[in-house]
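Structure record follows, encoded as structure tokens.
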Amino acid sequence: MLSAVRAVSRAASAAAQQQRRAFRCSVLGAAGGIGQPLSLLMKLNPRVTSLTCYDVAPFVPGVGVDLAHINTGSTCVGYGKDDLKKALDGCDIVVIPAGVPRKPGMTRDDLFNINAGIVKTLVEGCADACPNACILIISNPVNSTVPIASEVLKKKGVYNPKKLFGVTTLDVVRARTFVANARNRDPALVTVPVVGGHAGTTIVPLLSQAQPHTTFTDEERDALTHRIMFGGDEVVKAKDGAGSATLSMAYAGAEFADKVMAGLSGEACITECTFVESSITEAKFFSSPVTLGKEGVETIHDVVANDHEKKLIADMMPDLLAQAEKGFKFVKEN
């Protein structure tokens, strides 16, 4: 009897494995402070069966070898600067953390001139080698680099707004952590939607929508909002010139990639905040809760906010629009 139960259990397990969709994924910028831990987390994800790591750094093939020794169910190969097409060929998911990190005193705009060109080149590679892939942009400034990616894909004739995402998950991760710590709760059990963009005041945490429902004094609300908006600055200052938010960003990027894969696999009720082409505000790209499905973006949800949060959104909107326009203009001129 026991052997029969075990046989049924093994058969059920095998069936579940067959139903789980296998994904080929690539991390572009895999040698960097975000890229290496992000690649590690992707290697550990059971949804991933093939992982490629790309970077212009000469040692990235060694990163691939290092990760390939980990006893999980995916292969891993690292590719250098001349092998972008090999890294991207046939990919379902491409995560892009490539670019220079912020240093003390730098704004995300200071990163633009360098990172804009990097993102343009990498997305052109995606358009050629894996035009149907979901592309997840981490490279800052996200408010500009996602519009750059959209225009590049349009020029190549392969733009699908359902499959282009700006990763704003770190803002949500910080909001959950800071709100939970303020109320002595488990961050894993707290949710806080964060909308708008992914830079400074364009980041708008909707504390009124936090779950479990939480009330704050105006002073607490303002302090939490500022800390969530400028959490990246807090890390840059704390690292004292040695880097920016890399480990937490790698975690957030891997979490979002997992949710995208869950949606593509047909899992229900996968809703995450992400920066996508949107019509719920005047901004062409806007981060809000998005339900993810088998084709990528399934439903973009309206923003539910109180009057204070609506004012924050209205006040930052000119900056968000200008940052997107900067990205559009870059592609037109380059």
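Would you confirm whether any residue within segment 238-247 is among the hydroxyl-bearing types (Ser, Thr, Tyr), surrounded by fewer than 23 Cβ atoms within 10 Å (Cβ to Cβ) and under 22 Å from GLY35 (Cβ atoms)? Within segment 238-247, one or more residues are among the hydroxyl-bearing types (Ser, Thr, Tyr), surrounded by fewer than 23 Cβ atoms within 10 Å (Cβ to Cβ) and under 22 Å from GLY35 (Cβ atoms). Search segment 115-124 for residues being without any contact (Cβ under 8 Å) to a residue 60 or more places away in the chain and surrounded by fewer than 18 Cβ atoms within 10 Å (Cβ to Cβ), and hand back the single one that is farthest from LYS154 (Cα to Cα). Top of the filtered list is THR121. Take the conditions β-branched (Val, Ile, Thr), under 23 Å from VAL235 (Cβ atoms) and surrounded by 24 or more Cβ atoms within 10 Å (Cβ to Cβ) and apply them to THR201. Does it pass? Answer is no for this residue. Only a single criterion out of (1) over 14 Å from the mean Cα position of the chain (by Cα); (2) aliphatic (A, V, I, L, M); (3) outside any helix (DSSP H, G or I) is not satisfied by VAL152, namely (3).
Residue by residue, here is whether (1) outside any helix (DSSP H, G or I); (2) within 16 Å of the chain's Cα centre (by Cα); (3) not hydroxyl-bearing (Ser, Thr, Tyr) holds:
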| site | (1), (2), (3) |
| --- | --- |
| THR121 | no, no, no |
| LEU136 | yes, yes, yes |
| SER144 | no, yes, no |
| VAL172 | no, yes, yes |
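If you go through segment 133-153 one residue at a time, do you hit one that is at pLDDT 95 or above, open to solvent by 50 Å² or more (accessible area, probe 1.4 Å) and either closer than 19 Å to ALA98 by Cα or not β-branched (Val, Ile, Thr) (or both)? No - not one qualifying residue is present in segment 133-153.
Just one of the listed residues (ALA245, ALA210, ALA250) is of a type outside the set (Lys, Arg), in contact with a strand residue (DSSP E or B) (Cβ under 8 Å, 6 or more places away or on another chain) and touching a residue at least 12 places away in the same chain (Cβ under 8 Å), and it is ALA210.
Screening segment 155-168 for residues that are open to solvent by 10 Å² or more (accessible area, probe 1.4 Å) and either in a loop (DSSP other than H, G, I, E, B) or of a type outside the set (Lys, Arg) (or both) and picking the one that is farthest from THR191 (Cα to Cα) gives GLY157. Of everything in segment 262-282 that is surrounded by fewer than 18 Cβ atoms within 10 Å (Cβ to Cβ) and of a type in the set (Asp, Glu), the residue that is nearest to the chain's Cα centre (by Cα) is GLU267. Note on segment 295-315: residues that are under 18 Å from the mean Cα position of the chain (by Cα) and either open to solvent by 80 Å² or more (accessible area, probe 1.4 Å) or farther than 19 Å from THR169 by Cβ (or both) amount to 2. The lone criterion from (1) touching a residue at least 40 places away in the same chain (Cβ under 8 Å); (2) of a type outside the set (Phe, Trp, Tyr); (3) over 27 Å from LYS284 (Cβ atoms); (4) open to solvent by 10 Å² or more (accessible area, probe 1.4 Å) left unmet by VAL179 is number (4). Residues in segment 38-86 that are open to solvent by 60 Å² or more (accessible area, probe 1.4 Å) and either aromatic (Phe, Trp, Tyr) or within 20 Å of LEU247 (Cβ to Cβ) (or both): LEU40, LEU41, LEU44, PHE59, ASP66.
The values are calculated or read from the model by the stated rules, or taken from the named source; none is laboratory data. The structure presented is a predicted model; accordingly, all values stated were derived computationally and were not measured. Note: ideal-geometry Cβ built from the backbone for every residue, glycine included; neighbour counts use all protein chains shown. The area values use the complete protein model at the heavy-atom level, side chains included, leaving out ligands, DNA and RNA. Shrake-Rupley method; radii C 1.70, N 1.55, O 1.52, S 1.80 Å.
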